[in-house]
Amino acid sequence: MNAFIFAAGLGTRLKPLTDTMPKALVPIGGKPLLAHVIEKLKAAGCKKIVINIHHFGDMIIDYVKSQNSFGVEILFSDERQMLLETGGAIKHAVDLLGDEPFLIHNVDILSNVDLKALIAAHSEADSAATLLVSKRNSTRALLFSSEGNLTAWTNKTTGEVKTPYESVDIASLKELAFSGIHVFSPSLFKYFGAYPEKFSIIDFYLNTCKAEKIKAYTQEGLQLLDGGKLDSLERAEEFVKS
């Protein structure tokens, strides 16, 4: 399976570190966030990895080259002219990603997820996309049916709900938080034509979940850490040591 790493972000939550380097190269446990993610993807069997770049993009390219591309094929999707958001990033990289399902991973997410199990679940369910989710406190949550199909999204602070369905019984749906790790099938590429250059992948999933199967995947004992915030760096250091 191929993979796509979202590494183009400005890393504003990691300022002032990201005033001089991209978020992807912020060190955790003696090596950059990007290295942790690439090594995890490689261990899961990913042979080709696409990385999108924007903020200090040249530094990311130079770092990957200095590591001999970690022994896998690594390509770069160049967004240095304009950040395209998560959905736009995938649309922009279509020609690099190939015609098989691929794994998407945010560069700042550290976890103990079994990526091979996630990939297998995606294949077995014959899903258009499979999202790693978990039950945790979050002001924004995805809502799934009892069959595990994405149905809606809610902002619990404002009460806003997004769904392609005319009527939804919110109380009957399971509330789960997205992890930033998912598997995406090229069968969804056909919907990209209706979208501009910049758009959110979550909005895309919500718009297509009535027509396509967007499934939840949960892992018992999942540990997940957002390494993209200053106040979580100390915990991130402990996490990678464990």
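The values are calculated or read from the model by the stated rules, or taken from the named source; none is laboratory data. Not measured: the values here are computed from a predicted model. As a convention, Cβ positions derive from the backbone with ideal geometry for all residues, glycine included, and neighbour counts pool all protein chains shown. The area values use the complete protein model at the heavy-atom level, side chains included, leaving out ligands, DNA and RNA. Shrake-Rupley method; radii C 1.70, N 1.55, O 1.52, S 1.80 Å.
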Could you tell me whether any residue of the stretch 57-73 is without any contact (Cβ under 8 Å) to a residue 24 or more places away in the chain, over 27 Å from S232 (Cβ atoms), of a type in the set (G, A, S) and surrounded by fewer than 17 Cβ atoms within 10 Å (Cβ to Cβ)?
yes
When the stretch 195-228 is examined, which residues are found to be under 25 Å from N52 (Cα atoms) and open to solvent by 70 Å² or more (accessible area, probe 1.4 Å)?
P196, E197, K198, N207
Quick one: how many residues across the stretch 112-130 are closer than 22 Å to K23 by Cα and surrounded by 21 or more Cβ atoms within 10 Å (Cβ to Cβ)?
1
List pairs: first in the stretch 208-224 and under 18 Å from R136 (Cα atoms), second assigned to a loop (DSSP other than H, G, I, E, B) and open to solvent by 40 Å² or more (accessible area, probe 1.4 Å), Cβ under 6 Å, 6+ apart or cross-chain?
Q223/N112
Looking at G29, G45, G57, G71, which one is out of contact with any Gly (no Cβ under 7 Å at 6 or more places or on another chain), modelled with pLDDT under 95 and farther than 13 Å from H105 by Cβ?
G29
E100: passes all of (1) surrounded by 13 or more Cβ atoms within 10 Å (Cβ to Cβ); (2) acidic (D, E); (3) under 20 Å from G193 (Cα atoms) but (1)
(1) on the phi > 0 side of the Ramachandran plot; (2) in contact (Cβ under 8 Å) with a residue 24 or more places away in the chain: which one isn't true of G159, the others all being true?
(2)
Of (1) over 14 Å from A3 (Cα atoms); (2) in contact with a strand residue (DSSP E or B) (Cβ under 7 Å, 6 or more places away or on another chain); (3) open to solvent by less than 40 Å² (accessible area, probe 1.4 Å), R136 fails just (3)
Would you please list the contacts, defined by Cβ atoms under 7 Å and residues six or more apart or on different chains, that run from a residue in the stretch 114-141 that is in a strand (DSSP E or B) to a residue that is open to solvent by 90 Å² or more (accessible area, probe 1.4 Å) and not hydroxyl-bearing (S, T, Y)?
A141/K156
Checking K156 against (1) in contact with a strand residue (DSSP E or B) (Cβ under 9 Å, 6 or more places away or on another chain); (2) over 25 Å from G228 (Cα atoms); (3) charged (D, E, K, R), only one condition comes out false. Which one?
(2)
